[in-house]
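The values are calculated or read from the model by the stated rules, or taken from the named source; none is laboratory data. Predicted model, so just to flag it, every value in this text is computed and none were measured. Note that we place each Cβ from the backbone using ideal geometry, even for glycine, and neighbour counts take in every protein chain shown.
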């Protein structure tokens, strides 16, 4: 089970430091709890930022896939590969 979304990407003000994925809802003391840390490593800064945004969007994308799957399964004829890919992505996210 993952930390429920919404998540937000928070960049470091110093491009040499790592950034964090945090819960969008702040705690009572106004802090946003860290869910993950995105390390810059040897990647370009723009790629590091894109990775953080992608990770932050993951809970919403998973929910959207789960919500869309019944309609896609019902109406997307001849799309077995796409449906299998969606099911595999959902299963991958659910595997601990």
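In the set (1) assigned to a helix (DSSP H, G or I); (2) farther than 19 Å from residue 4 by Cα, residue 77 fails one condition alone, (1). Condition first: over 17 Å from the mean Cα position of the chain (by Cα) and within 23 Å of residue 8 (Cβ to Cβ). Can you find one or more residues in the range 45-59 that meet it? Looking for residues that are over 17 Å from the mean Cα position of the chain (by Cα) and within 23 Å of residue 8 (Cβ to Cβ), one finds at least one in the range 45-59, hence yes. Pairs linking a residue in the range 1-15 that is on the phi < 0 side of the Ramachandran plot and at pLDDT below 75 to a residue that is surrounded by fewer than 16 Cβ atoms within 10 Å (Cβ to Cβ) and part of a loop (DSSP other than H, G, I, E, B), with Cβ atoms under 7 Å and 6 or more positions apart or on different chains, are 12/18. Considering only residues of the range 69-81 that are surrounded by 12 or more Cβ atoms within 10 Å (Cβ to Cβ) and closer than 29 Å to residue 35 by Cβ, which is modelled with the highest pLDDT? Result: 69.
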